[in-house]
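The values are calculated or read from the model by the stated rules, or taken from the named source; none is laboratory data. Values in this document were obtained by computation on a predicted structure and should not be read as measured data. Quick reminder, even Gly has a Cβ in these numbers, built from the backbone with ideal geometry, and neighbours come from all protein chains shown. Protein only, heavy atoms only, side chains kept; ligands, DNA and RNA dropped before computing areas. Shrake-Rupley method; radii C 1.70, N 1.55, O 1.52, S 1.80 Å.
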Amino acid sequence: FFLMTRRPPRSTQGVSSAASDVYKTQIQNSLSMLQEKNQGLELTMMKIKQDPNSVPVTQFTQLMYGTVIPQVGGGIPKIEEAFINEEYERLNPKDAPYISNIKDEIKRQVSIIEELLPLHAGQSDNKPMQEAMEEEFEKLKTTVFDKYGQIEEQEKKKLKGFRVSIFVKNQENQS
């Protein structure tokens, strides 16, 4: 365990690592985590589309449930509460590009989940959990699209092309 002799810096000031000289603010950290989560969801989706048995059902269920009905960390609502509000935007005008990117990643996550839910329904025997996730997802989707707009067809095509290129690269690396 660690004994702290003084208070850590405020979380809004960011995190500094002497080993790598990296400085990330909380919004940068949140954006990075959201991007990583989306990449993980996309990779899972590509694996399952390639081979439905490539991801254990329990692992797939945990991933989906934790994303759609977040218990730890709060998911999208907590990110919105922290960074996507008038007060934050007013106090942090330099973070406008990060806020825009977070909104795009939120829309991207909704798009990914929309594709993953039917795949999960085909594998899971837990119908009540599936129904709960679908119900929560519909609420989330409506809220996200009302706030940030839908993903345009052009963006959907770009995402699908991105998914294919990641999958091809991943397959090449495994060979």
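Restricting segment 77-87 to residues that are open to solvent by 40 Å² or more (accessible area, probe 1.4 Å), in a helix (DSSP H, G or I) and not acidic (Asp, Glu), which is farthest from LEU43 (Cα to Cα)? Let's see the steps before the verdict.
First pass over segment 77-87, keeping only residues open to solvent by 40 Å² or more (accessible area, probe 1.4 Å): 77-78, 81-82, 85-87.
Cutting the leftovers down to in a helix (DSSP H, G or I) gives us 77-78, 81-82, 86-87.
With not acidic (Asp, Glu) added as a condition, the list becomes 77-78, 82.
Details: PRO77: 24, LYS78: 24, ALA82: 28 Å.
Of everything passing the filter in segment 77-87, ALA82 is farthest from LEU43 (Cα to Cα).
Kindly evaluate LEU116 against the criterion of being under 26 Å from GLN50 (Cα atoms), open to solvent by less than 40 Å² (accessible area, probe 1.4 Å) and more than 12 Å from the chain's Cα centre (by Cα). Steps first, answer last, please.
Numbers: under 26 Å from GLN50 (Cα atoms): yes; open to solvent by less than 40 Å² (accessible area, probe 1.4 Å): yes; more than 12 Å from the chain's Cα centre (by Cα): yes.
Yes; evaluated as a whole, the condition is true for this residue.
With the requirement that a residue be under 12 Å from the mean Cα position of the chain (by Cα) and either of a type in the set (Ser, Thr, Tyr) or outside any helix (DSSP H, G or I) (or both), what does segment 23-43 give you?
First, pick out the residues of segment 23-43 that are under 12 Å from the mean Cα position of the chain (by Cα): 30-42.
SER30, SER32 - these are the residues of segment 23-43 that are under 12 Å from the mean Cα position of the chain (by Cα) and either of a type in the set (Ser, Thr, Tyr) or outside any helix (DSSP H, G or I) (or both).
Return the residues of segment 61-76 that are farther than 13 Å from ALA121 by Cα, touching a residue at least 40 places away in the same chain (Cβ under 8 Å) and part of a helix (DSSP H, G or I); say none if nothing qualifies.
Selection gives THR67, VAL68, ILE76.
Being in a helix (DSSP H, G or I) and surrounded by fewer than 13 Cβ atoms within 10 Å (Cβ to Cβ) is the filter here, so list the residues in segment 44-60 that pass it. First the steps, then the outcome.
Restricting attention to segment 44-60, the residues satisfying the condition of being in a helix (DSSP H, G or I) are 44-50, 57-60.
Passing the criteria: GLN50, THR58, GLN59.
Which residues, taken from segment 81-103, are free of Cβ contacts under 8 Å to residues at least 40 places away in the same chain, within 21 Å of GLY149 (Cβ to Cβ) and acidic (Asp, Glu)?
GLU81, GLU86, GLU89 - these are the residues of segment 81-103 that are free of Cβ contacts under 8 Å to residues at least 40 places away in the same chain, within 21 Å of GLY149 (Cβ to Cβ) and acidic (Asp, Glu).
If you check GLN13 against the conditions, is it open to solvent by 40 Å² or more (accessible area, probe 1.4 Å) and at pLDDT 80 or above? It would help to see each step written out before you state the result.
Numbers: open to solvent by 40 Å² or more (accessible area, probe 1.4 Å): yes; at pLDDT 80 or above: no.
For GLN13, the condition - open to solvent by 40 Å² or more (accessible area, probe 1.4 Å) and at pLDDT 80 or above - is not met.
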